[in-house]
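The values are calculated or read from the model by the stated rules, or taken from the named source; none is laboratory data. Being a predicted model, the structure only gives us computed values, none of them experimental. All Cβ positions, glycine included, derive from the backbone under ideal geometry; neighbour counts span all protein chains shown.
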Ligand code: IPM
Ligand code: MG
C-alpha cells in the first residue's frame, strides 16, 4: 500500500508530525507494512519549488492508495502572483479522484462533556456520522463566476447541480453505513425552496424504498437540521446531505464534541479497477492560521483521521480501534490541548499531546 502524506499549510505540518509518530509506532509494534511518502504542498511547495503543487506531487496523488492530508490555506498566499494562487487544490483533488463520499463522524467523549458550549445532558451519548456529498453541488457547478455588467456593477453566479447518479451513490453510502449502525438515515435538503432539494429528497427516498427497506429514512430541511443539531443532537444516526450543507452542518455538529480539533474525516471515491477506492483522510479543522507555528494545535483530529485510514483503506480495524482508544484514554487522563482546555487553564503542546496518545498505545 502506498500512503502519501501532504502536510500542507498552517497547522497541517504540526499535526501531521503526530500522525507520522503514530504511524511509526504502528510499524514498530504492530507490524504495519506500508510505503509512506511525503510531499510538500501549498506554501511549503511554493518555497521549495516555486509552485503550490508540483507535477510529481500531482502524479503521486493520482496513484496513492490513501492520502493523509493536513490542511490547505494561508494568509501567505497573498505573496503569490494571482494567476498561480490556487487555493482550490483541495477541491481539484476531490474532483479528480471523484471523492464523492465524505464521512464526518461526530461522537461525544464523556471526559470532554465540559468542553462543549452545549449542556452536558444534551451532548451525552451523541454518536452520528455526517455523510457529505463531496464531488458535486455548488462547489463544482457551472455556470459560475463574476461578471461586470454594462453599468459597471457586477453580477456573481454559482450553480447547484446534481444528477440522479450522483445522489443515488451518496444515498447508498449513507444507507450502507446506517446498516452497520443504528439503521437510521436523515436526509437533509431544502426541498421547500429549491428544485434540487425536492429532487434530492425523492431520489434518496426511492433508493431507500427499493434497496434498503430495513433502514429508516427521514427528511429534514437544512435550516431545521442546524437547529436540531444544537437542540437535540442525539436524535441523529446518519445524516446525508449535499456538499455545501454538509460543510456547514459539520462545523456546527463539531461543537457537540467541544472542538473542531477533534473531528476526523474520510473522503472516498468509487471502487477502482484494483478493487481499492481512492481515499483522502484529513482533519476537519483546516489550517488555523491564527495558531499556526505555535505548536499548540490539537493533533487528535489528524490522528483520528489516520485511524479512519486504518479502518477503511488498510483494512486494519484492530489498529484503528487501538488508536481511537488511546486518544480517548489520553483525554480521560486529562490531556488537553488549547482548544479543549478551560479558558485560562493549562494545556499541552501538539507534541506533548502526541506523547500522551503514544503512551496510551499498547501493542
Ligand atoms: C472542509 C473545508 C473545505 C470545504 C475548504 C477548506 C475548501 O471547509 O473540508 O469542510 O469547504 O469543503
Ligand atoms: Mg468546512
Exercise. If you take the residues of region 240-271 that are within 22 Å of residue 167 (Cβ to Cβ) and away from ligand 2 (no atom under 15 Å from the Cβ), which of them is surrounded by the fewest Cβ atoms within 10 Å (Cβ to Cβ)?
Worked result: 271
For this session: Kindly indicate whether residue 289 is more than 25 Å from residue 34 (Cβ to Cβ), assigned to a loop (DSSP other than H, G, I, E, B) and within 16 Å of ligand 1 (Cβ to nearest atom).
Result: yes
Problem set entry | Candidates 314, 322 - the one that is in contact (Cβ under 8 Å) with a residue 12 or more places away in the chain, crowded, with 18+ Cβ neighbours inside 10 Å and in contact with a strand residue (DSSP E or B) (Cβ under 9 Å, 6 or more places away or on another chain) | 314
For this session: Look at residue 327 and say whether it is touching a residue at least 24 places away in the same chain (Cβ under 8 Å), assigned to a helix (DSSP H, G or I) and either buried (at least 23 other Cβ atoms within 10 Å of the Cβ) or away from ligand 1 (no atom under 16 Å from the Cβ) (or both).
Result: yes
Exercise. Within region 341-359, restricting attention to residues that are part of a helix (DSSP H, G or I) and touching a helix residue (DSSP H, G or I) at 6+ places or on another chain (Cβ under 8 Å), which residue is surrounded by the most Cβ atoms within 10 Å (Cβ to Cβ)?
Worked result: 353
Exercise. Within region 183-207, how many residues are more than 23 Å from residue 223 (Cα to Cα) and touching a strand residue (DSSP E or B) at 6+ places or on another chain (Cβ under 8 Å)?
Worked result: 1
Exercise. What single numbered condition from (1) at pLDDT 90 or above; (2) under 30 Å from residue 274 (Cβ atoms) fails to hold for residue 48?
Worked result: (2)
Seminar exercise, completed: Of the conditions (1) more than 16 Å from ligand 1 (Cβ to nearest atom); (2) at pLDDT 95 or above; (3) assigned to a helix (DSSP H, G or I), the single one that residue 112 does not satisfy is (2)
Exercise. Does any residue of region 198-211 turn out to be within 16 Å of ligand 1 (Cβ to nearest atom), on the phi < 0 side of the Ramachandran plot and crowded, with 16+ Cβ neighbours inside 10 Å?
Worked result: no
For this session: Within region 86-97, identify whether any single residue is in the same structural domain as residue 287 (by TED's automatic domain parsing), touching a helix residue (DSSP H, G or I) at 6+ places or on another chain (Cβ under 7 Å) and in a loop (DSSP other than H, G, I, E, B), and answer yes or no.
Result: yes
For this session: Select from region 88-105 the residues that are under 11 Å from the mean Cα position of the chain (by Cα) and either within 11 Å of ligand 1 (Cβ to nearest atom) or at pLDDT below 95 (or both) and write down the one among them that is nearest to residue 169 (Cα to Cα).
Result: 102
For this session: Identify, by number, the condition in (1) away from ligand 2 (no atom under 16 Å from the Cβ); (2) surrounded by 23 or more Cβ atoms within 10 Å (Cβ to Cβ); (3) outside any helix (DSSP H, G or I) that residue 296 doesn't meet.
Result: (2)
Exercise. Could you say which residue among 324, 328 is in contact with a helix residue (DSSP H, G or I) (Cβ under 7 Å, 6 or more places away or on another chain) and under 15 Å from residue 109 (Cα atoms)?
Worked result: 324
Problem set entry | Considering residues of region 1-13 that are in contact with a helix residue (DSSP H, G or I) (Cβ under 9 Å, 6 or more places away or on another chain) and more than 13 Å from residue 74 (Cβ to Cβ) only, the residue surrounded by the most Cβ atoms within 10 Å (Cβ to Cβ) | 6
Exercise. Can you name the residue in region 255-274 that is in a helix (DSSP H, G or I) and more than 10 Å from ligand 1 (Cβ to nearest atom) and, of all such residues, is nearest to residue 296 (Cα to Cα)?
Worked result: 261
Exercise. In this structure, is residue 220 away from ligand 1 (no atom under 16 Å from the Cβ), in the same structural domain as residue 134 (by TED's automatic domain parsing) and either assigned to a loop (DSSP other than H, G, I, E, B) or touching a strand residue (DSSP E or B) at 6+ places or on another chain (Cβ under 6 Å) (or both)?
Worked result: yes
Exercise. Within region 215-232, is even one residue within 28 Å of residue 323 (Cα to Cα) and surrounded by 14 or more Cβ atoms within 10 Å (Cβ to Cβ)?
Worked result: yes
